[in-house]
Amino acid sequence: MSTTPRTMPGVLELLPLEQAAFQRMVETVRRVYELHGFVPIETPVLELTEVLLTKTGGETERQVYFAQSTGSLEQGREPDLAMRFDLTVPLARYVAEHQNELVFPFRRYQIQRVYRGEAPQRGRFREFYQADIDIIGLGELPVTADAECPAVIHHVFSELAIGSFTVRVNNRKLVQGVLTDLDVDPEAHAAVLREIDKLDKRGPEYVQQALGGFGLSSAATARLLDFVAYSSAGIDAALRHLETLTAPNELLALGRSELITVFETLQGLGVDDGAVVLDCSIARGLDYYTGTVFETVLDDHPAIGSICSGGRYDDLAGMYTNTHLPGVGISIGLTRLFWQLREVGLIQTGQSPTVAFITLFEEADRTHAAALATSLRNAGVSALISDAPRRLGKQLKYADRTGIRFAIIAGSDERSRGVVTVKDLIDESQSEVPVEGLAAFFQSRGTR
């Protein structure tokens, strides 16, 4: 009996032209990361469970895929390997293990798959790509490093050209300072921040009710919600708001000072004023964030939610080393982002990475076609020769269906005159181009 071919739920398996579009996204992100001085690393898919789960447990551990050889399984051993569920924990292990060989501040980017045991549902994936950057300091890391994250985010999404977007920035110390002023127990600060982080998903009424469980009076809750309701129109407005913000305690004063440094640094980096805002409701639900935090949304598609997030943390690898390693970083969930953008029609999936298709009228034309293909490839222009002579219409249809934009036609008449005809299969225009100028023709159009 034959087995029905199928993929497991929770994976995104793409057809060739979709995969090409995804690769273009990956390469754009990679290029921008490198333009900002980040260097690549990769870590293994599998980590030792004692390393991966050192300080997690709970919900995270229930989502981990454990790995076990058949031999170990037969012997009844507990699995000692597990698949990474993010890129942050492997980075912590990597930095702790190689700290004597690395140069600090260590600026790394990492684009790899991660694995989580998500319940199968639309848009949630068990296997997905993440694209992370982090800047790790040895002992200390200046706050100016925090500004590099929104600057990189701004550059990445500008290059991806997926519409207008807003990078929302805050500092957890601001809200913690307000909580201190309201005499909220410091032990409850993290839980309160988690509730505030639900404002955009659950709404103010839900959060107001939840905050009552922490002993806040109605007046205190109203004051807190009023504080976090502020969102600036851009960098200039954020700086004006921060300069006039009253700081009744050291924590709030420190958060204000750090944010002023971040926004002033962003101005120096030339980031568009309106693309980055101060949003006092951004808290990030993960407790290891200790300062600046970031979230990014598409202005025309708010229902998609955050497409890039991250923040500052005091100590990356405290569970592995006594060395103090503060850092700041961001993460883009590339698989989910690609899926979401495709769903709303913002991804163009009809373009092949192959630029030119060289037609054949008869088998004797192959030598000439091979010479054309070789000259194009040597110039960095991708080219494919037709597998066999066929009617021209059939060859052009093949090129069009495989997403190749340009067809090169070189019949006996063209060869006798030292030219080729280049047909654009999208706008159906065509040009006669000298053979010696063919590579330059494509290069001038940015097709390489």
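Annotations for the structure displayed:
- Once divided by 2.2 N^0.38 Å, the Cα radius of gyration of the stretch 204-257 becomes 1.34.
- Neighbour-limited loop hits for GluC sites (Glu not before Pro), the stretch 130-165 (at most 11 other Cβ within 10 Å; DSSP other than H, G, I, E, B): E140
- Principal axis dimensions, largest first and in whole angstrom, of the stretch 394-448 by Cα: 30, 27, 16
- Estimated Rh, the stretch 356-443: Kirkwood, alpha-carbon pairs, angstrom: 12.8
- Antiparallel content of DSSP bridges confined to the chain, in %, to 5: 80
- With N as its number of residues, the stretch 174-247 has a Cα radius of gyration that, divided by 2.2 N^0.38 Å, comes to 1.14.
- Added length on full extension, which subtracts the Cα-Cα distance from 0.36 nm per residue, M8 to S431: 147.5 nm
- Taken over the alpha carbons of the stretch 256-410 as equal point scatterers, the Debye sum produces base-10 log I(q)/I(0) values at 0.13, 0.20 Å⁻¹ of -0.78, -1.23.
- Report summary: the helix-based calculation at 222 nm, which adds -39500 (n - 2.57) for every DSSP H run with n ≥ 4 and divides by the residues of the chain, gives -11500 deg cm²/dmol.
- Scattering profile of the stretch 242-324 at q = 0.15, 0.17, 0.26 Å⁻¹ [log10 I(q)/I(0), Debye over alpha-carbon scatterers]: -0.72, -0.90, -1.35
- For the stretch 67-162, the alpha carbon convex hull comes to 162 Å³ per residue, rounded to a whole number.
- Qualifying trypsin sites (Lys or Arg not before Pro) for the stretch 1-91 [loop in DSSP, other Cβ within 10 Å: at most 16]: R6, K55, R77
- L91, L266 arranged by Cβ crowding within 10 Å, fewest neighbours leading: L91, L266
- Only Lys, Arg (+1) and Asp, Glu (-1) charged, at Cβ; the stretch 356-443 dipole about Cα centre in debye: 260
- Calculated diffusion of the stretch 159-298, Stokes-Einstein form, Kirkwood radius summed over Cα pairs, 25 °C and 0.890 mPa s, µm²/s: 159
- Screening the chain for whole DSSP H helices with an alpha carbon extent of at least 20 angstrom along the helix axis and a mean Kyte-Doolittle hydropathy of at least -0.5 yields 16-35, 144-160, 250-268.
- Compactness of the chain as Cα Rg over 2.2 N^0.38 Å, two decimals: 1.21
- Packing, taken as the mean count of other beta carbons within 10 Å per residue, orders the peptides 169-175, 299-305 from highest to lowest as 169-175, 299-305.
- Qualifying GluC sites (Glu not before Pro) for the stretch 383-448 [loop in DSSP, other Cβ within 10 Å: at most 11]: E428
- The distance linking the stretch 117-171 with the stretch 368-383 is 39 Å (Cα centroid to Cα centroid, whole angstrom).
- For the stretch 324-373, dividing the convex hull volume of the Cα atoms by the residue count gives 185 Å³ per residue.
Quick note: the coordinates plus some simple rules give every number you see, no bench work behind them. Since we're looking at a predicted model, the values are computed, not measured. Glycine gets a Cβ as well: all are built from the backbone with ideal geometry, and neighbour counts include every protein chain shown.
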